[in-house]
Amino acid sequence: MSLPDLKYRRAVVKLSGESLAGQRGFGIDPPVIEELTREIRKVHRGGVRLGLVVGGGNIVRGTVASERGMDRVNADYMGMLATVINAMALQDMLERSGVETRVMSAIRMEALAEPYIRRRALRHIEKGRVVIFAGGTGNPYFSTDTAAVLRAIEMEADVILKATRVDGVYTADPETDPSADLIEEISYLEVMTRELGVMDSAAISLCKDNGLPIVVLNIKRPGAILAALQGERIGTLVE
């Protein structure tokens, strides 16, 4: 049933790999994915055309591996492969809950996922399927945040939702600084000049150049995704 009060009717949700790991901090925690699935299913059934981009930090982070001596290109490709594993886990849970999905990978692996082709992805979304974009951009040195923004622009999304473990963008890290204040609304330029770490600079620049708003929200808060799509003041709006 389509919800009449939606502000954004086409969206891309960026999920960190760590959000799939739960309290363990690594790997995949099925109860966590089940909870995510319920949220996504509710939004999808409300008539939102939805894409998902998932990171791979719960399995391997390319930048961390590189800092520890591994070749940066190899490390980044390992991170991209990790996103495919996470995408398959999300697909399994979503389809078991009755949501039709497609996994599309920027790295070709036809036995597991469709190769990413923009026109095909648009057709899946227009048919009401949830498309899970895996493999990042398919190139090293680009984060999954940049991949999420790129896919959102290509899918003609109205907004990108950055799902985090905190309630939005703060003046400092709220997990380490209890005096940090939540910022409810901020410009792209201010995010970059203050280096607030919402997304990397390439992703923010793409959003700015294409007028794509970002809503940073707490994925652990029940109903947060739907509330943001309905235009409620939740988390932080970057525009």
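Read-outs throughout are calculated quantities, based only on the coordinates presented, and are distinct from any laboratory measurement. What you see is a predicted model, and the numbers here were worked out from it, not measured in a lab. Backbone-built Cβ (ideal geometry, glycine too); neighbour counts: all protein chains shown.
In the chain, the calculated helix contribution to ellipticity at 222 nm averages -11500 deg cm²/dmol per residue, counting -39,500 (n - 2.57) for every DSSP H run with n ≥ 4. Lys pairs in the chain, Cα-Cα under 18 Å, at least 8 apart or on separate chains: how many? The number of close lysine pairs in the chain is 11.
Of the chymotrypsin sites (Phe, Trp or Tyr not before Pro) found in region 60-167, the ones in coil according to DSSP and having at most 15 other Cβ atoms within 10 Å of their Cβ are TYR141.
Multiplying the residue separation of ASN218 and ARG123 by 0.36 nm and removing their Cα-Cα distance gives an extension gain of 31.2 nm. Here the average projected area of the convex hull drawn through the C-alpha atoms of region 1-91 stands at 6.7 nm². With q set to 0.18, 0.19, 0.22 Å⁻¹, the log10 of I(q)/I(0) for region 106-218, from the Debye formula over equal scatterers at the Cα positions, is -0.97, -1.04, -1.25. Measuring spread by the Cα atoms of the chain yields a radius of gyration and Dmax of 16.7, 52 Å.
At full extension, ARG38 and ASP209 could sit 58.2 nm farther apart than now, given 0.36 nm per residue minus the alpha carbon distance.
Length available on full extension from GLU184 to ASN74: 0.36 nm per residue minus the Cα-Cα distance, which gives 35.8 nm. Springs between alpha-carbon pairs under 10 angstrom, Gaussian network model over the chain: which of ILE125, ILE107, ILE186 fluctuates most? Comparing ILE125, ILE107, ILE186 in the GNM, the peak value goes to ILE186. Kirkwood's formula applied to the C-alpha pairs of region 152-207 gives a hydrodynamic radius of 12.5 angstrom.
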